[in-house]
Amino acid sequence: MAGKSMRLFIAIRLSDKMKKALVACMHDLKKQGVEGKYVPAQNLHLTLAFIGEYDYPEKVKKVIESVPLPQFRLSLSEKGNFGNILWAGVKGNQKLKTYVRDLRAALKSAGIPFNDDKFIPHITLIRKTTAKKSYQIHLPKEEMTVEKISLLKSDLKSGQAVYREI
């Protein structure tokens, strides 16, 4: 089918407790009058490599399986924005950074294209925010143990992005 190429990305799916904590934070921002496209709870994730349009998910899965995943914890800490995108960050995590470096090197040597920008671990909360006035982001203290890495594909369903694990 034409135009049905898959938008793929490699990510860490968040634990339910982590999602709850972030949703509470977003409710708080909404109360403060921060507008924008809030990411639905089930879509909250931390992207490790954005591949984009690519037709061979099996190749990507092989690469993910080939890179050993150390056990590490993610805890919410910094917050920031890229232009009009508001995000929650995670504590400077050396194991995560090293893993992503190895993962991206493995993608490169397998000839899989991906967006090779500097890795800044973040969880997007709000897109296209129009936050003009000052607001406070209250990030709850929450953490999770990362036990697996997911290959996700993004589909548009009636204007909403739906992420499915492959």
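The values are calculated or read from the model by the stated rules, or taken from the named source; none is laboratory data. Here the structure is a predicted model, which means the values were calculated and not measured. Cβ coordinates were reconstructed from backbone atoms using ideal geometry, including for glycine residues, and neighbour counts include every protein chain displayed. Keep in mind that these areas ignore ligands, DNA and RNA; they rest on the heavy atoms of the full protein, side chains included. Shrake-Rupley method; radii C 1.70, N 1.55, O 1.52, S 1.80 Å.
Yes/no per residue for (1) surrounded by 17 or more Cβ atoms within 10 Å (Cβ to Cβ); (2) touching a residue at least 24 places away in the same chain (Cβ under 8 Å); (3) in contact with a His (Cβ under 8 Å, 6 or more places away or on another chain); (4) within 20 Å of LEU8 (Cα to Cα):
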site: HIS45; (1), (2), (3), (4): yes, yes, no, yes
site: PHE50; (1), (2), (3), (4): no, yes, no, yes
site: ASN81; (1), (2), (3), (4): no, yes, no, no
site: LYS91; (1), (2), (3), (4): no, no, no, no
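Residues of region 97-119 being under 23 Å from ARG7 (Cβ atoms), not in a loop (DSSP other than H, G, I, E, B) and not polar (S, T, N, Q), which ones? Steps first, please.
Restricting attention to region 97-119, the residues satisfying the condition of being under 23 Å from ARG7 (Cβ atoms) are 99-100, 103-119.
Pick out the ones that are also not in a loop (DSSP other than H, G, I, E, B) and you get 99-100, 103-109.
Correct list: TYR99, VAL100, LEU103, ARG104, ALA105, ALA106, LEU107, LYS108.
Quick one: which of LEU107, LEU152 is touching a strand residue (DSSP E or B) at 6+ places or on another chain (Cβ under 7 Å), closer than 23 Å to LYS17 by Cβ and open to solvent by less than 50 Å² (accessible area, probe 1.4 Å)?
Values: LEU107 fails: closer than 23 Å to LYS17 by Cβ.
Unique residue meeting the criteria: LEU152.
Can you tell me which residue in region 23-41 is nearest to the chain's Cα centre (by Cα), limited to those that are of a type in the set (D, E, K, R) and not in a helix (DSSP H, G or I)?
Here is the first cut: in region 23-41, the ones of a type in the set (D, E, K, R) are 28, 30-31, 35, 37.
Restricting the remaining residues to those that are not in a helix (DSSP H, G or I) gives 35, 37.
Numbers: GLU35: 21, LYS37: 16 Å.
Restricting to residues being of a type in the set (D, E, K, R) and not in a helix (DSSP H, G or I), the top hit is LYS37.
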Given (1) among the small types (Gly, Ala, Ser); (2) under 16 Å from the mean Cα position of the chain (by Cα); (3) at pLDDT below 95, identify the lone condition not met by ALA131.
(2)
Can you tell me which residues in region 126-148 are in contact with a Phe, Trp or Tyr (Cβ under 8 Å, 6 or more places away or on another chain) and buried (at least 18 other Cβ atoms within 10 Å of the Cβ)?
ILE126, VAL146
From the list ASP102, ASP116, pick out the single residue that is among the acidic types (Asp, Glu) and open to solvent by less than 80 Å² (accessible area, probe 1.4 Å).
ASP102
